[in-house]
Structure formats: structure tokens, C-alpha cells
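Below you'll find the structure, written out as C-alpha cells, and then a few comments.
The values are calculated or read from the model by the stated rules, or taken from the named source; none is laboratory data. Just so it is clear, the structure is predicted and the values come from calculations on it, not from any experiment. Methodologically, a virtual Cβ is constructed for each residue, glycine included, from the backbone with ideal geometry; neighbour enumeration extends over all protein chains shown. We work out accessible area using only protein heavy atoms, side chains counted, and drop any ligands, DNA or RNA first. Shrake-Rupley method; radii C 1.70, N 1.55, O 1.52, S 1.80 Å.
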Amino acid sequence: MVRGSRRYYCAAEGCFSDTDKRGRYGYMSEVSFFPFPTKKKAPRARKRWLEYTRRENYDPPYHHRLCSKHFLDGKPTEKNPYPTLFAYNNYKESKVPRSSNVMQKRTREQETSVHVDIPEQKHDKIADTTISIQMEGPKAVEVPMDHGYCMSNEKGYEQTSHEVNTQTDLNMTDIDDLLDMKERLADKDNLLRDLFIEKITKSDESVMKYMGVPTKQALNGFFGILDKASPNLKYWSGQKSARDTSYQNTPGMKKSGPQRKLSRYQEFILTLLRLRMALCTFLIADIFGISNSRVSQVCITWINFMCGIVLPLLRWPSSKAVKKFMPRCFKLTYPDTICIIDCTEIFISKPKNPTAQSQTYSNYKHHNTYKALVGITPSGAFSFVSKLWGGNTSDRYITKECGFLDQVRPGDQIMADRGFMIRDLLLERRAKLVIPPFTKACKWGKGKRLTSADIIKTKNIARLRIHVERAIERLKNFRILSNTMPLNLKPVANQVLLICAFMSNFQKPLVKN
């Protein structure tokens with residue numbers, strides 16, 4: 001309610017209330033004046049107030065109000081928040097405000113209750129009857145009817161009683177639902193975004209296919225952890241944006257500036273979709289109804305945030321935990337195996353710098369690549385993921401410098417491919433390297449060969465070491481790693497690899513017990 005020295009006028013047609021009459025003459029001292037809801041804080045309520053006011057192309061100025069005569073409770077309340085008493089309805093409660101919308105006009109026309117009663121007649125007599133149409137109003141219309149219609153019920157006898165009831169009960173909740181539906185259908189960007197998210201999250205199969213998470217429950221649980229960890233996120237827009245702002249540190253405080261179009265859940269889905277499907281940013285921008293640059297900001301922000309949460313969860317397990325869940329195939333042959341390691345490469349766009357070209361060019365892949373060392377437990381879960389190196393770096397150098405050896409304990413067995421020449425590095429930590437044997441020179445002539453015992457050992461190791469290849473295949477199912485990675489993702493390439501490895505651990509165990 002607004003009180004003050006400034007003069008206010010009632011905006012309703014036919015109402016001459018104003019604050020000057022109330023203060024000068026005193027006979028309107030019980031009348032109060034209420035401002036229209038603002039466009040920014042309550043646009044929907046403002047629209048409803050204007051619809052009830054029934055003034056074409058009307059934008060109320062600051063000094064226009066609605067007086068207490070137009071509210072059922074004398075003021076806006078939670079039960080009756082809208083003005084419904086006006087001269088056009090004789091200051092009686094109106095259920096439906098006037099609107100130019102065709103659907104609402106038809107609804108208002110159908111609001112009239114029609115009730116037709118025909119006296120029951122015997123089937124062999126046809127008498128003149130009268131239809132009484134009772135409407136919501138002071139008048140009733142009687143229409144003579146010269147014909148009766150016979151009807152048979154389930155019991156087998158006929159009757160001439162017929163009742164038509166086309167009464168439509170619309171309350172304020174139904175009208176609000178219609179207005180919400182109208183606004184939702186009018187906003188095509190929101191409609192497309194909501195339908196798309198509903199489509200890709202409708203079942204466990206679609207969630208796994210589009211986002212790499214096995215179930216909807218796991219997806220919601222992962223988002224719940226992230227949402228609880230940091231309720232306020234600031235978009236990444238350079239080094240300066242790394243500084244904390246007041247709304248990030250103050251609970252319940254909202255950020256300044258325009259409201260974000262996407263909710264936190266929608267931004268989360270957008271990021272997972274980018275990682276899993278590697279869709280172009282302009283395509284994601286069209287689907288979610290935002291700009292191309294905003295897609296990049298959202299992805300970089302969430303990738304860095306998610307990496308900070310999942311990094312402590314992707315850790316080296318204890319020997320006791322590994323042996324507790326070790327599959328039977330390992331227990332029979334290599335029961336002391338703690339980790340199976342291998343290197344994987346990710347294609348990248350060709351750098352412009354000649355030095356960077358030589359450092360990232362892989363002679364094995366014949367392409368510019370990033371290279372990383374990954375390790376899995378015998379059950380198939382990722383337990384170690386190194387940082388990315390240039391594709392020209394050797395496996396031994398990465399193993400020595402990436403921090404993998406710091407995790408190895410005395411007595412551990414590390415299974416690897418024949419190319420990992422790291423036996424001396426593991427012996428320094430009193431650990432054992434398990435690799436396929438090398439060929440040996442023949443005693444009877446030139447050439448090299450494997451003995452029968454070496455062939456059996458090679459098959460046993462290959463049968464177990466293949467699981468690290470299967471784990472890397474799971475990792476590459478995130479197409480942002482299997483496709484050629486653009487150079488603009490270089491600042492977050494390590495974070496992307498860690499997040500994809502963590503989400504691969506969401507899936508069922510790779511090696512069955």
C-alpha cells in the first residue's frame with residue numbers, strides 16, 4: 001500500500017477515487033491505493049491486473065493505482081491477489097478476466113451453465129414439453145418443444161428423459177495453467193530446450209547413450225553432489241573471472257546483471273552432452289537457445305568445476321581393497337597384480353607453431369596427438385590417469401615423470417605391454433613388472449623365436465592385459481576424446497580426460513568375477 005503526499009488516481013474506468021479527495025474532504029478516508037506490480041519482479045501478476053482493468057494499450061504511469069474498492073478483501077491477499085470488482089461487472093466477483101486470446105474467449109463463452117430437463121414420458125405417448133434453460137443470471141428462458149425422444153436403458157424399457165449438461169467450471173488455477181501453457185508455447189527456445197532434455201533423460205538407455213551415465217538415478221545423484229558442493233557458479237571469461245565475487249560467498253545472495261537463461265541442471269546436461277557426443281557449439285547453441293560464446297563459457301566453467309570435485313575420488317586403491325574385489329582369472333595366474341597400465345593417444349588439430357608440431361607428432365599414429373598414461377585395477381576401474389603429454393614423448397619418460405611410480409608399493413605387480421621398459425624403475429621400489437617375454441635368438445641358425453613356455457606365458461598375459469584396452473575403449477566412447485580435439489580446448493584437455501575416466505567408472509565392472 002502506498003501512502004504519501006503525492007496525489008494518486010485510481011486507474012479503473014468509472015472510478016473517481018484519488019488521494020486528494022481522501023485528504024481534502026475526508027469522506028474517502030477508508031480507501032487505500034495499491035501500485036501495479038512491476039515488470040521485472042512480477043510480470044505475470046502485472047499482466048493479470050491489466051487484463052482485469054480492461055483498458056486497451058494501457059501502460060499505467062507511476063501515479064496511477066487501483067483503490068481498495070476493486071479487491072474482494074479490500075487489498076491484495078494471497079487468496080485473492082487480483083482486482084476483480086469493477087463497474088463492468090457491477091462490482092461483483094468475475095471469474096475470468098477479459099483477454100484477446102481466442103482460447104480464453106471460447107472458455108468464457110462456455111462458462112454459462114446450460115441445463116435441459118424433459119419430463120419423463122411413457123414410450124407410447126408424445127406430449128408437448130418445455131425445455132428450461134437456466135443460465136447464470138437473473139433470467140430463465142423457456143423454449144417449447146414439440147418432440148420427445150425415446151431412449152432405452154440397460155434394463156430394457158424405454159424412457160423419454162434426456163439431460164444435457166455443458167457446464168464448465170473454470171477456477172483461477174485453471175486459468176493460471178492456461179496462461180503458463182500459453183507462455184511456454186510462445187517461447188520456442190524454451191520449448192525446444194525442455195522437449196530435448198526430456199527426450200534424452202526419459203530412460204536409462206537414453207541417458208547412457210547421450211551422456212555416458214548408466215542410469216537416471218546415477219545422473220541425478222551426480223548432479224546432486226555437484227549442486228551441493230557449489231550452489232553459485234561464475235562463468236569463466238578469462239583470468240580476471242577467477243576472483244570470487246560477493247554473491248558466491250554469501251548464501252542466498254543472487255548475482256547482479258541479467259538473469260541466466262539456463263538452470264544449473266540444464267548447464268550440467270549441456271556439458272555432459274558436449275563431452276559424450278562432441279557436438280558442435282553452434283548446434284548446442286541452437287538447441288538450448290543461447291549464443292555460441294555462452295556455450296563455450298558454460299562448458300569451460302563446468303568442466304573446471306567438475307574436475308575439482310571428481311579429482312579426489314579418482315584415487316589409487318589399497319592392496320587390500322584390490323585383492324578383495326580381484327576377479328578369479330587374476331587370482332589363478334597373477335594374484336599380486338595391482339594395476340594394468342597402458343598409454344593412449346588423443347588426436348588434436350595441427351598446431352601453428354613448428355616446435356609444437358614436432359613435440360606433438362606421433363610416429364605411431366602419424367598425426368599430432370596428446371598422450372597420457374592410464375592405469376586400471378584388475379576389475380577394470382580407472383585408478384590412475386596422468387596429465388597429457390606430447391605425442392612424441394616415450395612411454396618410459398611419461399611413466400617416470402607423471403607421478404605413477406610414487407603410487408607403487410613394495411611387492412606390487414604392474415602388468416604392461418612389451419614396450420614398457422621400466423623394469424629398473426620398478427626394481428628401485430621393490431615392485432615387479434609383468435610383460436610378455438621377448439623373442440630369443442635360435443641356437444641352430446639365424447633369426448629369433450619364442451619357446452613353448454614363452455608362448456603360453458604370452459597368451460596368459462595377453463588374456464589379462466586386454467582389459468586395459470577395453471577400459472580405454474570405454475574412455476574413447478566419449479567422442480570428445482575419440483574425435484580430433486580442437487586447440488581451443490587445450491586449457492581444459494587434462495580436466496576433460498579426468499572427468500571422462502571418472503564417468504567411465506560409473507558403469508558396471510569391466511571384468512566379471
Is one or more of the residues making up segment 305-312 touching a residue at least 60 places away in the same chain (Cβ under 8 Å), open to solvent by 10 Å² or more (accessible area, probe 1.4 Å) and closer than 25 Å to Gly419 by Cβ? no
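Table: residues versus (1) open to solvent by 50 Å² or more (accessible area, probe 1.4 Å); (2) part of a loop (DSSP other than H, G, I, E, B); (3) touching a residue at least 24 places away in the same chain (Cβ under 8 Å); (4) farther than 24 Å from Ile414 by Cα.
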residue: Pro317; (1), (2), (3), (4): no, yes, yes, no
residue: Ala321; (1), (2), (3), (4): no, no, no, no
residue: Lys331; (1), (2), (3), (4): yes, no, no, no
residue: Ile338; (1), (2), (3), (4): no, no, yes, no
residue: Cys343; (1), (2), (3), (4): no, no, yes, no
residue: Pro351; (1), (2), (3), (4): no, yes, yes, yes
residue: Gln359; (1), (2), (3), (4): yes, no, yes, yes
residue: Ser379; (1), (2), (3), (4): no, yes, yes, no
residue: Phe384; (1), (2), (3), (4): no, no, yes, no
Among the residues of segment 88-103 satisfying the criterion of being open to solvent by 50 Å² or more (accessible area, probe 1.4 Å) and either modelled with pLDDT of 85 or more or among the polar types (S, T, N, Q) (or both), which is farthest from Leu179 (Cα to Cα)? Asn90
Kindly evaluate Ile340 against the criterion of being closer than 14 Å to Ile472 by Cβ and under 36 Å from the mean Cα position of the chain (by Cα). yes
Filtering segment 470-511 down to residues that are polar (S, T, N, Q) and farther than 14 Å from Ser383 by Cβ yields Asn477, Ser482, Asn483, Thr484, Asn488, Asn494, Gln495, Gln507
Which of the following residues is at pLDDT 95 or above, among the polar types (S, T, N, Q) and in contact with a Lys or Arg (Cβ under 9 Å, 6 or more places away or on another chain): Ser206, Ser241? Ser206
Qualifying helices (runs of 4 or more DSSP H) (wholly inside segment 440-510; at least 3 residues being exposed (fewer than 13 other Cβ atoms within 10 Å of the Cβ) and either touching a residue at least 24 places away in the same chain (Cβ under 8 Å) or not β-branched (Val, Ile, Thr) (or both)): 452-476
Pairs under 6 Å by beta carbon, first residue within 11 Å of Gly289 (Cα to Cα) and assigned to a helix (DSSP H, G or I) in segment 182-196, partner of a type outside the set (A, V, I, L, M) and at pLDDT 80 or above, six or more apart or different chains? Asp189/Gly289; Arg193/Phe288; Arg193/Gly289
Verdict on Val434 being under 18 Å from Thr344 (Cβ atoms) and not hydroxyl-bearing (Ser, Thr, Tyr): no
On the given criteria, is Arg465 in contact with a helix residue (DSSP H, G or I) (Cβ under 6 Å, 6 or more places away or on another chain) and among the basic types (Lys, Arg)? no
Residues within segment 392-436 that are among the polar types (S, T, N, Q) and outside any loop (DSSP other than H, G, I, E, B), tallied: 3
Is it the case, given these coordinates, that Leu388 is touching a residue at least 60 places away in the same chain (Cβ under 8 Å), in contact with a Phe, Trp or Tyr (Cβ under 7 Å, 6 or more places away or on another chain), aliphatic (A, V, I, L, M) and within 30 Å of Ile300 (Cβ to Cβ)? yes
Determine the pairs where a residue that is at negative phi, located within segment 52-73, has a partner that is among the basic types (Lys, Arg) with Cβ atoms under 6 Å apart, the partner being 6 or more residues away or on another chain. Ser68/Lys75
Condition check: buried (at least 18 other Cβ atoms within 10 Å of the Cβ), of a type in the set (Phe, Trp, Tyr), more than 19 Å from Tyr88 (Cα to Cα) and at pLDDT 85 or above. Does Phe36 satisfy that? yes
Can you pull out every residue in segment 186-215 that is crowded, with 17+ Cβ neighbours inside 10 Å and among the charged types (D, E, K, R)? Arg193
All positions within segment 77-86 that are of a type outside the set (S, T, N, Q) and open to solvent by less than 50 Å² (accessible area, probe 1.4 Å): Pro81, Tyr82, Pro83, Leu85, Phe86
